Amino acid sequence: MASQDWFQKDFYAILGVPKDADATTIKKAYRRLAKQYHPDRNAGDAAAEQRFKDVGEANAVLSDPTQRQEYDAVRSMAGGGARFRAGAGGGGGGTGGFEDIFSAFGGAGGGGTRVRFQQPGSGHAGGQEDINDLLAQMFGGAAAGGRGGDPFGGAGYGAPRGPRPGADVQARTTLPFRDAVEGSTVTLTTADGGRVTAKIPAGVRDGQRIRLRGKGREGDPGAARGDLILTVSVDRHPVFGRSGDDLTLDLPVTFAEAALGATVRVPTLDGSSVRVKVSPGTPSGRVLRVRGRGVPAGGGAGDLLAKVQVLVPQRLTDEARQAVETLRDADGDSDPRAGLFEQAGT
């Protein structure tokens, strides 16, 4: 929504980007400056706090295509893009002209068709248009107008159009892997220095956007608050990974356990462990499934997938070496790569 202070504020300069900057450039500039001036990093610094608020306001406008278009139009008028002229009209003396208001809204620039409005009571006959029609073209109608239909936030243009709901707010947060799987509650600092507590549901994914109802900006009296659109980043875990609703991990086993079979312990995300059976002759890469120990989903949970990794001994005792040599001799002339070469030649 247009605001009267847009005339004075240069949001492009605040973010340090050119006026033709694309959405990616604006987003990168905002993230860098928001991190630099964040209150958590500048405790007690009033100047940094104000800078943080200004950066947040600039991003909120320029990252929204509709608001950015309105802002550019308002700034164009402030910089002389519109001309207001009072004087004698073609149909009678004493009439006031209101013309050349943003070529983008009224016709071709540089000598194109002009949009001309006459002030009420000028004595002109029919065919005059209400100034609100022009403002509706400039600011997208009632949705873009200020209180009472005035796009500049004041009164005097048009009739009241009802309380406006609050604007949505964009935010980001980073969660540890465990908190993302099990759910968590986070506290965020808003652009105006306020605090918002948000509950993150269990099973949130890296890069997922969550809409938190009623956590955005306040609206007009009696109107609903906007929403908080929260983008979640999830840290990596040193042991566990994720595939859909399943948790994954690599499970090291010894050569003897893989060859002869064994029952081994496998860690779970909650800190406990389960026991799984490794069948005799299990090769590297085989996946062992533990049901119900994955990511919470709906009324249940995914599975835990343990991928077997057979460890090759780095050092052998004399007895161990002799045992391996005996095993080699027992294999005779068998070639485990014979099938590989046959398939490579097809």
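The values are calculated or read from the model by the stated rules, or taken from the named source; none is laboratory data. Remember, it's a predicted structure, so these values are computed and weren't measured experimentally. Cβ placement follows ideal geometry from the backbone for every residue including glycine, while neighbour counts extend to all protein chains displayed.
A few points about this structure:
- Here VAL204 fulfils each of the conditions (1) touching a helix residue (DSSP H, G or I) at 6+ places or on another chain (Cβ under 6 Å); (2) without any contact (Cβ under 8 Å) to a residue 24 or more places away in the chain apart from (2).
- Scanning region 263-272 for residues that are farther than 11 Å from VAL308 by Cβ and either touching a strand residue (DSSP E or B) at 6+ places or on another chain (Cβ under 7 Å) or part of a strand (DSSP E or B) (or both) yields THR263, ARG265, PRO267, THR268, LEU269.
- Only listed residue being out of contact with any Gly (no Cβ under 9 Å at 6 or more places or on another chain) and either of a type outside the set (D, E, K, R) or closer than 30 Å to ALA202 by Cβ (or both), chosen from PRO296, PRO313: PRO313
- Test: residue in region 273-281 that is part of a loop (DSSP other than H, G, I, E, B), touching a strand residue (DSSP E or B) at 6+ places or on another chain (Cβ under 8 Å) and not β-branched (Val, Ile, Thr): no
- Extreme residue, farthest from SER272 (Cα to Cα), among residues of region 301-346 that are surrounded by 11 or more Cβ atoms within 10 Å (Cβ to Cβ) and small (Gly, Ala, Ser): ALA323
- Meets criteria (touching a Pro at 6+ places or on another chain (Cβ under 7 Å), assigned by TED's automatic domain parsing to the domain that holds GLY302 and modelled with pLDDT of 90 or more) for LEU260: yes
- Residue selection: SER279 fails the criterion of being closer than 19 Å to GLY294 by Cβ and surrounded by fewer than 13 Cβ atoms within 10 Å (Cβ to Cβ).
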